[in-house]
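Worksheet: one structure, shown below.
Throughout, read-outs are computed from the coordinates displayed, never taken from laboratory work. If you're wondering where the values come from, they're calculated on a predicted model, not measured in any experiment. When we count neighbours, we look across all protein chains shown, and the Cβ atoms used for this are built from the backbone with ideal geometry, even at glycine.
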Amino acid sequence: MSRTFAVMGIVNVTPDSFSDGGRYLDTDAAVAHGVELSREGAAILDVGGESTRPGAEPVGQAEELRRVVPVIERLREALPGNRLSIDTCKAAVAGAALDAGADLVNDVTALRGDPAMASLVAERGVEVCLMHMLGEPRTMQDNPRYDDVVSEVAAFLEERMAFAVSAGVAEERILLDPGIGFGKTLAHNLELLRRLDEIVALGRPVVMGTSRKSFLGRLTGREVDDRLAATIATNVIAFERGASIFRVHDVAPLLDALKVTAATVAA
C-alpha cells in the first residue's frame, strides 16, 4: 500500500507574487484558475491576497479582504469537495475567509503575526499550517544565518506547535512547514531537504513549498517559469523523506510524479 499525500494548488490573488503576480488578481481569473487546479488534481487550494516573496511590502487588511473573500466564496460554491486554505497572518482575514468557506489557515508567521490568530483557529476547530520564517518577508533574505538550520527550524516548529496546543488548537489539526526559501540561503534549503526526516519526526504532516523558487533558479540557471523539472525533483525528494502535502503552481505534472513515487514508497 502506497503512502498518501495531497497536492495544494496555489491561487495568488496578488499583483506582486514572485511567479504569477497579477495573473489572477481579477476575481473571475482567480476562481477559474482554482477550478482548473482542482480539475488537475489539487485536493487543497491555497488562496492568498498578500505576497510573501522576499522584499514584499505588507498589504492592508481591507485590501486583503477585498482580494480573497469573493474568491473563496465562489470556489466553495464551485468546488464543495475541495479543501480551501487561506494564506494569511491576519486573524480578521482568516475569520472572514473561514466564514466564506475556507477550512484551513496557512500562517507564514506560525501564529506570531497576530495575537488573535491562535484563539480564532482554536475556536473554529480548523486546521492550521505553522511555517518557519526568519524575520519578515521584507528582510528575511538579508544574510540569514544559523548554527544548524535543521535543528533550529525543528526547535522553532516544536515550540510553535506547543504554543498552538496551549492556546486550544488540537494537535491533530496542525501542519508544519519548514519554510523553504523564507530566510534561508541555497545551502540552508538543500540541508532542509537533505534532513527533512528530522522535521517529519515532529509527528505532524509536513508541507513542502519549493515551487519555482529562486534557489532552484540558482541551481539550474532557469528563469522562474521554467523551473518545473527542478520543482518536481525537490518534491519527489521531500515525499521520499516523509513530506505529505505539496504546495505547487503546476498541479498536474507534480501529481503524476508523486503518483509514480508513491507506488515505490512503502506506507
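Specify the inter-centroid distance of the range 237-267 and the range 156-190, based on alpha-carbon positions, in whole Å.
20 Å
Which order do Ser211, Ser166, Ser244, Ser51 fall in if you start with the one that has the fewest other Cβ atoms within 10 Å? List each step's numbers first, then the result.
Numbers: Ser211 26, Ser166 10, Ser244 17, Ser51 20.
So the ranking, lowest neighbour count to highest, is Ser166, Ser244, Ser51, Ser211.
About its Cα centre, how strong a charge dipole does the chain have in debye, to the nearest 20, once Lys and Arg get +1 and Asp and Glu get -1 at the Cβ?
I would put it at about 440 debye.
Can you list the DSSP H helices in the chain whose Cα atoms extend at least 24 Å along the helix axis and whose mean Kyte-Doolittle hydropathy is -1.0 or higher? Write out the running numbers ahead of the final one.
Numbers: long enough: 61-78 (25 Å, -0.49); 149-166 (25 Å, 1.04).
What comes out of the filter, once short or polar helices are dropped, is 61-78, 149-166.
Based on DSSP H runs of at least 4 residues, each adding -39500 (n - 2.57), what is the mean residue ellipticity at 222 nm of the chain after dividing by all its residues, to the nearest 500 deg cm²/dmol?
Calculated mean residue ellipticity at 222 nm is -13000 deg cm²/dmol.
Test of understanding: in a Gaussian network model of the chain with alpha carbons linked when under 10 Å, which of Val149, Val93, Val47 would top the mean-square fluctuation ranking?
Val149
Can you spot the lysines whose alpha carbon is less than 22 Å from Lys184's alpha carbon? Ignore those fewer than 8 places along the same chain.
Lys213
List the residues, sorted by chain then number, that are 5 or more residues from Asn106 or on another chain and whose placed amide H is less than 5 Å from its amide H.
Amide H to amide H, under 5 Å and 5 or more residues apart or across chains, Asn106 pairs with Ile86, Asp87, Thr88, Cys129.
For the residues Glu171, Glu240, what sequence is obtained by ranking on other C-beta atoms within 10 Å, fewest first?
Result, fewest neighbours first: Glu171, Glu240.
Using Cα-Cα distances under 8 Å and only pairs 6 or more residues apart, what relative contact order does the chain have, in percent? Each step should come with its number before you reach the end.
Working: 529 pairs, mean separation 51.8, N = 267.
For the chain, the relative contact order is 19 percent.
What is the fewest-to-most order of Lys213, Lys259 by other Cβ atoms lying within 10 Å of their Cβ? Kindly include the intermediate steps, with their values, before the conclusion.
Values: Lys213 23, Lys259 12.
If I rank by nearby Cβ atoms, fewest first, I get Lys259, Lys213.
Using the Kirkwood radius built from alpha carbon pairs, what does the Stokes-Einstein equation give as D for the chain at 4 °C and 1.567 mPa s, in µm² per second?
D = 71 µm²/s.
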